[in-house]
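Undergrad: Attaching a single structure in structure tokens format; questions to follow.
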Amino acid sequence: KQYTLLHFDTPPDGITGIQDAAEPVIAGSITSFEPVGGTWYTSVKKFGTASYGFNGSSDYIYGASQEKFNLRSGDFTIDWWEYRLASTAGRVAASRDIAGGFSPFVVGYSDGTNNTLFLTSNGSSWDIANGVLMGTLSIGSWAHYAVTRSGNNFRTFKNGVTQATFSSSASILTSSAIMSIFRYGSNYTNGYIDEFR
């Protein structure tokens with residue numbers, strides 16, 4: 001099985017960018033993800049040596065398109081720890097397409113009160129998940145969010161507690177677009193992220 005694991009620990013000497021623990025270390029280069037602005041914070045972290053912080057106006061992380069980001073109809077888990085500094089609507093944890101729009105998946109989308117989930121199979125509507133609850137936003141503290149699929153059954157979680165369940169047999173849209181963290185179109189998220197998987 002393929003996976004991505006971003007610890008957001010301070011990088012070892014000779015490494016630039018965000019190291020994906022699921023990929024081999026290549027000295028002097030990134031593997032899958034690269035930051036645009038932002039920085040490591042050793043004083044605000046959930047695990048390890050650091051988290052990664054974003055200013056909410058221009059900072060984000062992008063990952064070059066990889067086949068493992070195309071979830072299709074397979075089983076999967078997406079989970080992360082976040083420490084948001086604002087509840088501004090339209091801000092996200094991650095999106096399969098940096099451009100916004102009907103991205104194959106959008107996780108941790110703020111509606112101003114809650115984190116929500118959007119999934120599409122067709123690129124023209126949120127036919128799989130349209131604003132499904134992932135849990136209330138936690139501002140100024142760490143919270144863990146997750147979405148899972150097992151067969152046709154989906155579940156969302158906040159801090160290990162089920163928030164929503166639903167079913168769909170549809171295959172999540174594939175894409176060759178850049179994947180983004182803490183950016184969705186022209187919206188940027190303010191806060192910190194740790195342990196994105």
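Undergrad: Hey, does the range 182-197 have a residue that's more than 18 Å from residue 83 (Cβ to Cβ), polar (S, T, N, Q), without any contact (Cβ under 8 Å) to a residue 24 or more places away in the chain and surrounded by fewer than 16 Cβ atoms within 10 Å (Cβ to Cβ)?
TA: Among the residues of the range 182-197, not one is more than 18 Å from residue 83 (Cβ to Cβ), polar (S, T, N, Q), without any contact (Cβ under 8 Å) to a residue 24 or more places away in the chain and surrounded by fewer than 16 Cβ atoms within 10 Å (Cβ to Cβ), which makes the answer no.
Undergrad: Continuing with this model, one more query. Limited to the range 102-111, what total is found for residues that are farther than 23 Å from residue 64 by Cα and open to solvent by 30 Å² or more (accessible area, probe 1.4 Å)? If you could, list the steps in order and put the result at the bottom.
TA: First pass over the range 102-111, keeping only residues farther than 23 Å from residue 64 by Cα: 110-111.
Retained after the next criterion (residues that are open to solvent by 30 Å² or more (accessible area, probe 1.4 Å)): 111.
Number satisfying all stated conditions: 1.
Undergrad: Name the residues in the range 64-90 that are under 21 Å from residue 41 (Cα atoms) and within 11 Å of the chain's Cα centre (by Cα), would you?
TA: Passing the criteria: 79, 80, 81, 82.
Undergrad: Here's a follow-up. Here is a list of conditions, (1) without any contact (Cβ under 8 Å) to a residue 60 or more places away in the chain; (2) open to solvent by 30 Å² or more (accessible area, probe 1.4 Å); (3) not small (Gly, Ala, Ser), and residue 154 meets all of them except one; can you say which number that is?
TA: Unmet for residue 154, out of (1) without any contact (Cβ under 8 Å) to a residue 60 or more places away in the chain; (2) open to solvent by 30 Å² or more (accessible area, probe 1.4 Å); (3) not small (Gly, Ala, Ser): (2).
Undergrad: For the condition open to solvent by 40 Å² or more (accessible area, probe 1.4 Å), among the hydroxyl-bearing types (Ser, Thr, Tyr) and in contact (Cβ under 8 Å) with a residue 60 or more places away in the chain, what is the one hit in 175, 169?
TA: Of 175, 169, the one residue that is open to solvent by 40 Å² or more (accessible area, probe 1.4 Å), among the hydroxyl-bearing types (Ser, Thr, Tyr) and in contact (Cβ under 8 Å) with a residue 60 or more places away in the chain is 169.
Undergrad: Would a scan of the range 114-122 turn up a residue that is surrounded by fewer than 22 Cβ atoms within 10 Å (Cβ to Cβ) and closer than 20 Å to residue 159 by Cβ?
TA: Within the range 114-122, one or more residues are surrounded by fewer than 22 Cβ atoms within 10 Å (Cβ to Cβ) and closer than 20 Å to residue 159 by Cβ.
Undergrad: Looking only at the range 125-137, how many residues end up being closer than 27 Å to residue 47 by Cα and surrounded by fewer than 18 Cβ atoms within 10 Å (Cβ to Cβ)?
TA: 2
The values are calculated or read from the model by the stated rules, or taken from the named source; none is laboratory data. Not measured: the values here are computed from a predicted model. Neighbour counts run over all protein chains shown; Cβ positions are idealised from the backbone, glycine included. With ligands, DNA and RNA removed, areas are computed over all heavy atoms of the protein, side chains included. Shrake-Rupley method; radii C 1.70, N 1.55, O 1.52, S 1.80 Å.
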